[in-house]
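Computed from the coordinates by the stated procedures, all read-outs in this text should not be read as laboratory data. Computed from a predicted structure; not experimentally measured.
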Amino acid sequence: MHPAKESTTKHIKGILLIAQDNLFNGTNPDIFAMVRVPEKLVVSNKDFVRHDLIVDKLSVNTAYLSPGQDFTTAIASNVPGTFVYYCSLHPTIMHGKIIIKAV
Ligand SMILES: [Cu+2]
């Protein structure tokens, strides 16, 4: 019995970012999360070229994803703030914000 572990798992929600046509989800959407509430993040490459997803300040880096490949990671922060996510291969067109709000 590990109730603490159980309740942590309950708080993990899923975010899916699909890389396609050199955009994430078509619009490079803002992603919202709460401080100290980890969010599962899946990046799926449905494009014809390689992409990755990096969030420098949250230590997220999927490495290069080939077409058809996906990668599961998590975003988590103990401090509120706005963090930029981007594809290192197309940083000027594939970028958005992760907004972590205080509880
Ligand atoms: Cu890219």
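Things to note:
- Orientation-averaged projected area, Cα convex hull of region 32-97 (nm²): 4.2 nm²
- Most simply put, the chain has about 60% antiparallel DSSP beta bridges, counting only bridges with both residues inside it.
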